[in-house]
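So the structure is just underneath, and the comments pick up after that.
Quick note: the coordinates plus some simple rules give every number you see, no bench work behind them. These figures come from a predicted structure and were not determined experimentally. Cβ placement follows ideal geometry from the backbone for every residue including glycine, while neighbour counts extend to all protein chains displayed.
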Amino acid sequence: MTATLTVPSDTAITKASAQPDWTFTTNPEALRAIEHAAYSIAFSPKYRDAIQAQDLHQEALIMVATNPELHGPIATGHIGTMHSRLKHDLINHCATPARRQTLTVSYEQLWESYNE
């Protein structure tokens, strides 16, 4: 039995969307918004111990380059829309490491509690 998948031509699954699009790097307003989104999350109390600010900034740039849904707002000048979507994606990206870190007890804490 052979299955055939038919994809309509108007879907977002195209060869172009599979490739990163770095054209947003020529837009200084978009770059400032991306940096602001990354650093505001990286320095927030909830996530500051889970990820480095520079690492999150690089992740944000890669997310924008590889996510076609973030290119539309940049192209139409709706930088605020891209900023809020990106912040949401970055929070989802940081949530698991932050949760794991809060559940992890350091060796020093365990040793101190054992010796009490």
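Please list, in chain and number order, the residues 5+ apart from Ala50 or on another chain whose amide H is under 5 Å from its amide H, with Hs placed from the backbone.
The list, which skips near neighbours in sequence, is empty: none.
Less than 11 Å Cβ to Cβ from His93, Lys/Arg counted +1 and Asp/Glu -1: what total charge do the surrounding residues give?
-2
Decide, for the stretch 32-103, between rounded, prolate and oblate: order the square roots of the alpha carbon gyration tensor eigenvalues as a ≥ b ≥ c, take rounded if a/c falls under 1.5, and otherwise choose prolate if a/b is larger than b/c, else oblate.
Cα axes put the stretch 32-103 in the prolate bin.
Modelled label-to-label distance, Asp55 and Ile91, 7 Å Cα→beta-carbon offset: nm?
Taking the simple label geometry, Asp55 and Ile91 are separated by 2.1 nm.
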